[in-house]
Amino acid sequence: MAKVFRLTTAGGKLLLASRIAAGNAGRATFGTYTGNVSKSKVLWATFGAAAASGIGLMYALERSVSASGIELHAQQLPWSHAGVLDSLDYASVRRGYQVYKQVCAACHSMDQIFFRHFTNVFMTEQEAIDEAAEFEIADIDQDTGKPIMRPRKLFDKLPRPYDNDIQAKVANNNALPPDLSWMNRARHGNENYIFYLLTSYCDPPEGITLGEGQAYNPYFAGGVISMAQQLFDDMLEYKDGTPATQSQMAKDVATFLTWVAEPEQDTRKRMFLKAAVLFPLIFGVVLYYKRYFWTTIKSERFIFRTVRGREPPKPPSSQ
Ligand code: HEC
């Protein structure tokens, strides 16, 4: 028995070898080598089954957690930024900042945001500089070394309402107003939850008595929340003249908190658009090249025959 030809893909022989293969086989055939196929099929099937059961388990856990509460669940609202290619409404983000500043900032910190983040997003650089200068911060005098208060600058954080958590709790009936930097991402329902939370205060149902400083909100886990209703119609005047209704303010502050939690959201969507256009093209090229590269192996044939008048070569000894 003799092996008649064997083609190799090593280095520069590739092109030559594939030509020979095409010539010899008449056409380049793919998939004639069947040695490992069933093994890989088994592997893929196992992988698929494991992935499917993993996803099933995650889904079941998710359902079991959300089914345990008595609270209402926020519905998906038609946000103008909800689509995969929709940007945030920056007029709304700007109004939302006004709501945060005039209402929420009295109790909630926003430690991850600096004034410089505002520039060229929903404020010009000068507007952000002026905004920062409205708040003071403790610093050290560079000439005398004495502690001073100076106006904030673009590189400073937004001011905190309380110096520390103990002070915050004492002021809020022992409930800690959480930092709002990531609040949008930290709750089920995201911006929908924030909108419903701010607009759904009501009287408690029979059997629930509220303690001091507590209010009832069916969207809050357990229903009894230590934050009283914060938004009331016309409690502030928007600089752009938009009527400041409760739902308008809730929508704007929820949009603002969306931006705060994911300032990169628009960039991410733009990247996705580019990737969605480019990847199919690249995939096509890569697929073509892969088939080109492997064609010699895929179309390789072993022809076994006995040459007349000659003994078949002995198999190599096992030592
Ligand atoms: C008077 C202080 C105060 C103001 C003003 C205030 N909050 Fe709160 N907020 C609280 C406290 C206290 C809690 C904690 C409530 C609890 O854990 O029961 C809280 C909790 C929250 C939560 C978290 C709810 C959850 O699921 O854990 C969100 C979101 C929130 N506030 C948003 C806002 C927004 C938006 C504003 C501005 C419109 C605002 N708050 C204004 C005191 C305040």
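None of the figures in this text is laboratory data; all of them are computed from the coordinates on show. Model, not experiment: these values are computed from the prediction. A quick note on method: Cβ atoms are made from the backbone with ideal geometry, for glycine too, and the neighbour counts reach across all protein chains shown.
Calculate the length of the line joining the C-alpha centroid of region 267-319 to that of region 220-252, in whole Å. Using only Cα atoms to place each centre, the spacing works out to 62 Å.
When the trypsin sites (Lys or Arg not before Pro) in region 175-280 are filtered for DSSP coil states and for at most 16 other beta-carbon atoms within 10 Å of their beta-carbon, the remaining sites are Lys239. In this structure, the residue pairs whose Cα-Cα separation is over 32 Å, taken from Lys269/Lys290; Lys153/Lys274; Lys274/Lys298; Lys101/Lys146, are Lys153/Lys274; Lys274/Lys298. Of the residues Val93, His73, Ala105, the one whose Cα sits farthest toward the positive end of the charge dipole of region 59-140, with +1 on the Cβ of Lys and Arg and -1 on the Cβ of Asp and Glu, is His73. Once the chain from Gln112 to Arg150 is taken as fully extended at 0.36 nm per residue, the excess over their C-alpha distance is 11.6 nm.
Note on region 210-319: with charges restricted to the Cβ of Lys and Arg (+1) and Asp and Glu (-1), its dipole about the Cα centre is near 2100 debye. For the pair region 78-105 and region 128-146, the centres of their Cα atoms are 29 angstrom apart.
Within region 231-319, list the GluC sites (Glu not before Pro) lying in a DSSP loop whose Cβ has at most 13 other Cβ atoms in a 10 Å radius. Walk me through the intermediate numbers first.
Working: sites: Glu237, Glu264, Glu300; in loops: Glu237, Glu264, Glu300.
Taking region 231-319 and a limit of 13 other Cβ atoms within 10 Å, the loop GluC sites (Glu not before Pro) found are Glu237, Glu264.
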